[in-house]
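Written below as structure tokens is the structure these notes are about.
Values in this text are rule-based calculations from the coordinates and carry no lab data. If you're wondering where the values come from, they're calculated on a predicted model, not measured in any experiment. Using ideal geometry, Cβ is built from the backbone for each residue, glycine included, and neighbour counts are taken over all protein chains shown.
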């Protein structure tokens, strides 16, 4: 065989390997992918909290302009959702959060934390978005990016599920639906 034919056969062989690898990757991803983006952080053991990480405290401002800390919420499970009014995936999940918030009432503390940067997102824009849609969950404003820095937020929405003792049990990166939100809450209500 000529050198040219060998080169063509080698290229075809590698193209087949790449195509087969892509096909297998897609099939395995589909078969083994979780329902949503709940990420298990650690696990409790009989002896205690195991390798669960203690939630980092932060201070935000509520609708009335009063300072509130994450630690003020402890004693009951806490759902912390980081969002902004310009974020499309954040907007998509808000009705789900409102519905679940109304269903659980005070059994679970919800902290819907608007990541205010003073330009793209302001307290006024966030508040207008929430009130125009009639959402009833508690909204907090991260005016000084303290919460964003504490958790290294680089993409939103992001949701943390914290148990009553202040340990992060699981988190979700990206928009979640009602079922996933409820799964996360059940993990922190144990």
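Taking R0 as 45 Å, what's the FRET efficiency between residue 9 and residue 173 from their Cβ-Cβ distance, rounded to 0.05?
0.55
Grab the Cα-Cα distance for residue 146 and residue 124, subtract it from 0.36 nm times how many residues apart they are, and report the gain in nm with one decimal.
So the extension gain works out to 6.1 nm.
Roughly how many nanometres apart are two label points built 7 Å out from the Cα toward the Cβ at residue 154 and residue 51?
Once both label points are built, they end up 2.1 nm from each other.
Once the Cβ-Cβ distance between residue 67 and residue 18 is put in as r, and R0 is 35 Å, what FRET efficiency do you end up with, to the nearest 0.05?
It comes to 0.05.
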